[in-house]
1. Surrounded by fewer than 20 Cβ atoms within 10 Å (Cβ to Cβ) and over 28 Å from GLY49 (Cα atoms), is that true of ALA292?
2. Looking for whichever is open to solvent by 20 Å² or more (accessible area, probe 1.4 Å) and touching a residue at least 40 places away in the same chain (Cβ under 8 Å) here; the options are GLY120, GLY133, GLY71. Which one fits?
3. Among the residues of region 49-68, write down those that are within 16 Å of GLY312 (Cα to Cα) and either of a type in the set (Val, Ile, Thr) or within 11 Å of the ligand (Cβ to nearest atom) (or both).
4. Name every residue in region 90-114 that is farther than 28 Å from ASP131 by Cβ and surrounded by fewer than 19 Cβ atoms within 10 Å (Cβ to Cβ), in order of residue number.
5. From (1) surrounded by 22 or more Cβ atoms within 10 Å (Cβ to Cβ); (2) farther than 19 Å from GLY281 by Cβ; (3) without any contact (Cβ under 8 Å) to a residue 40 or more places away in the chain, pick out the condition that doesn't hold for ALA263.
6. Taking the options GLY170, GLY175, name whichever one is in contact (Cβ under 8 Å) with a residue 60 or more places away in the chain and either outside the structural domain of THR77 (by TED's automatic domain parsing) or within 13 Å of the ligand (Cβ to nearest atom) (or both).
7. Of all the strands (runs of 3 or more DSSP E) wholly in region 1-83, which have at least 3 residues that are of a type in the set (A, V, I, L, M, F, W, C)?
8. Which residues, counting only those in region 213-257, are acidic (Asp, Glu) and either more than 15 Å from HIS316 (Cβ to Cβ) or within 16 Å of the ligand (Cβ to nearest atom) (or both)?
Amino acid sequence: MTTVGDPVHAQPRFLLGSWPTPLEAAPRLSAAVGLAPEDLWIKRDDLGGLGGGGNKVRKLEWTLGRALADGADTLVTTGASQSNHARLTAAAAARAGLSAVLVFPGEPGRSRSGNLALDGLFGARVVWAGDVGLPGLVRTAEQVADRLRSRGARPALIPFGGSSSTGALGYLTGGRELLAQAPGLHTVVLAVGSGGTMAGLVAALGSDRVLGVDCGALPDPVPVIAEMARPLADAPVAAADLRIRRDQIGEGYGALTESVAQALALAGRTEGIALDPVYTGRALAGLAAAVAEGGILPGRRIVLLHSGGLPGFFGHPAAVDRAEAGLEGERWN
Ligand SMILES: *Cc1c(COP(=O)(O)O)cnc(C)c1O
């Protein structure tokens, strides 16, 4: 539903995806986690069309729309070297006829394949920032933008993970899209990184119906999400009302945990669906833990947001090794 004063009317949007994405039943996975077969559905935002798909496509429609309205010719963004957001920023820039500069921590050669290979395919330029934390990375991106400006370019900084109130508009509309497909929605479970996806969903659906599973990208995503959701929501958003599980972080962002390895195998073997080790695998592991604890009960419409990340799976050697170790094989003769 759109209302007078709806924030989506005030902002320029550049279409990048194919909407609506499918909402698919997952009866075998549902039963495997302890729900009734008809309870669990998967929102296929991994099928968003552009550049390998994923949740960043929805956010980029708004951040890129803003950048184009401001006359930008180059997108500058940051993330981990296997960032799905950076890969989709590169793809979105190509689609809109802009250049992309991706600012990554570390040195060239440490991470390979996966998203980095696609970044190259989409024609992005990479700046390696060395061993810096998130604040240092953001500062480097600002310096890169300054240098581009001094050379006559018109850079637009796309925030870390594409997350801002502007980016979160993608999941204000995405949440409304989901509600039209699943009017009886009880809970949508999603992976939380930079927080914009959850912020938009909370604005669309209210805090009660959104369960985030923190992946450890930020020290504390709760105040960040509340801040981004506030300007978009009709009702007040209190940080204390946000539902976020923090039990799936393990050794930290990017580290493969045992429960995530099991979640990847479970989704693969029950539904033929590939989740990723950093985000969507944690979302399913958190969902399964919530069912086991009785926090999610059978008989309700539960949706797992498939937010993409398959390229990140191929860029994660531990997850690939684990999956290959599960191959049943025999030599003939
Ligand atoms: C970035 C990402 C998320 C988290 O989304 P945020 O809006 O950054 O919280 C979830 N899943 C995948 C696959 C992602 O790439």
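The values are calculated or read from the model by the stated rules, or taken from the named source; none is laboratory data. Fair warning: this is a prediction, and the values are worked out from it, not measured in the lab. Don't worry about glycine lacking a Cβ; one is built from the backbone with ideal geometry, like all the others, and counts go over all protein chains shown. Heavy atoms of the whole protein, side chains included, go into the accessibility calculation; ligands, DNA and RNA do not. Shrake-Rupley method; radii C 1.70, N 1.55, O 1.52, S 1.80 Å.
1. yes
2. Numbers: GLY120 fails: touching a residue at least 40 places away in the same chain (Cβ under 8 Å); GLY133 fails: touching a residue at least 40 places away in the same chain (Cβ under 8 Å).
GLY71 is the lone residue from the list that is open to solvent by 20 Å² or more (accessible area, probe 1.4 Å) and touching a residue at least 40 places away in the same chain (Cβ under 8 Å).
3. Of region 49-68, the ones within 16 Å of GLY312 (Cα to Cα) are 50-57.
Scanning region 49-68 gives GLY52, GLY53, GLY54, ASN55, LYS56, VAL57.
4. If the condition is that a residue be farther than 28 Å from ASP131 by Cβ and surrounded by fewer than 19 Cβ atoms within 10 Å (Cβ to Cβ), then ALA94, ARG95, ALA96, GLY97 are the ones that fit.
5. (2)
6. Values: GLY175 fails: in contact (Cβ under 8 Å) with a residue 60 or more places away in the chain.
Every option except GLY170 fails the conditions.
7. Details: elements: 23-25, 40-44, 74-78.
Answer list for region 1-83: 40-44.
8. Of the residues in region 213-257, the ones acidic (Asp, Glu) are 214, 220, 227, 234, 241, 247, 251.
Result: ASP214, ASP220, GLU227, ASP234, ASP241, ASP247.
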